[in-house]
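Undergrad: Below is a structure I'd like to ask you about.
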Amino acid sequence: MKIVQVTPGKTKSGTTSYKVTAFIHDVDNGYPPNSYFGQTCVGKMEAWPFTMHKDDFGEWVVQGAFTVTNNECKTNTAEGSESISLDALPGAVYVAGNATPSVRSTTVKKPTLYVGEYAAYGTGGRIMAGMGMTLLPGNKYYDLDKGRGGTYSYNEQAGTISFSGGFLTGQKGTNVGADGFDISETVHYEPWR
């Protein structure tokens, strides 16, 4: 793989968006004893969107489309050869575990949990009716009708919040900060200010 450009977008609740332009270089060695030397395929990602966040174990999770379908393939002419050379493609060679030259790594201290009223947002940023809630001092919470409540436990170091009792019982929020937290990949709670 060769990275041409990585453009960071906004960071929201510990998740950062990126647009990536890269070439995917894939070599199939074929079966030389049968005089088939495989093929080399190259596909391009052109400003494809990806998101990154850390999971509960501090490992990076990358989400987005990974399958390139616009491949150009050419048959290799000899054993160990590539019909399309990786060196001929623009960009920087990606090495697993290394940051690309255009991506800067920074450590940002997360702000603490907001105590107050929250709104729930689903896929596409749509507000989820009936899922709003209020966090109270003393580790208590309730829904906006004050009918279904329980307790919560906040772990600042891990950036998590866990709920017991009420309509969120058994749920665990991640990427907790002053701007909210995620209950799942599709549900995000934000302070209602």
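The values are calculated or read from the model by the stated rules, or taken from the named source; none is laboratory data. Quantities reported herein were computed from a predicted structural model and do not represent experimental measurements. Positions of Cβ are backbone-derived with ideal geometry, glycine not excepted, and every protein chain shown enters the neighbour counts. Surface accessibility is based on the protein's heavy atoms, side chains included, excluding ligands, DNA and RNA. Shrake-Rupley method; radii C 1.70, N 1.55, O 1.52, S 1.80 Å.
Undergrad: Hey, can you tell me all the residues within region 115-130 that are at pLDDT below 90, closer than 18 Å to residue 174 by Cβ and either among the small types (Gly, Ala, Ser) or touching a Pro at 6+ places or on another chain (Cβ under 6 Å) (or both)?
TA: Correct list: 122 only.
Undergrad: Could you check, for region 113-125, whether at least one of its residues is among the acidic types (Asp, Glu), under 17 Å from residue 13 (Cα atoms) and either open to solvent by 60 Å² or more (accessible area, probe 1.4 Å) or in contact (Cβ under 8 Å) with a residue 40 or more places away in the chain (or both)?
TA: Yes, that holds for at least one residue.
Undergrad: Let me ask another. Any idea how many residues of region 1-10 are touching a residue at least 60 places away in the same chain (Cβ under 8 Å) and open to solvent by 90 Å² or more (accessible area, probe 1.4 Å)?
TA: 1
Undergrad: Let me ask another. Out of the residues in region 156-167 meeting the condition of being open to solvent by less than 70 Å² (accessible area, probe 1.4 Å) and not aromatic (Phe, Trp, Tyr), tell me which one is nearest to residue 133 (Cα to Cα).
TA: So in region 156-167, the residues open to solvent by less than 70 Å² (accessible area, probe 1.4 Å) come out as 158-167.
Within this subset, residues satisfying the condition of being not aromatic (Phe, Trp, Tyr) are 158-162, 164-166.
Values: 158: 22, 159: 19, 160: 17, 161: 14, 162: 14, 164: 14, 165: 13, 166: 10 Å.
Per the stated criteria, the residue is 166.
Undergrad: A further question on this structure: Specify the residue that is farthest from residue 130 (Cα to Cα); the eligible residues are those in region 168-193 that are surrounded by fewer than 15 Cβ atoms within 10 Å (Cβ to Cβ) and within 22 Å of the chain's Cα centre (by Cα). It would help to see each step written out before you state the result.
TA: Here is the first cut: in region 168-193, the ones surrounded by fewer than 15 Cβ atoms within 10 Å (Cβ to Cβ) are 169-170, 178, 184-186, 193.
Okay, now just the ones that are also within 22 Å of the chain's Cα centre (by Cα), so 178, 184-186.
Details: 178: 22, 184: 17, 185: 19, 186: 16 Å.
Ranking the candidates gives 178 first.
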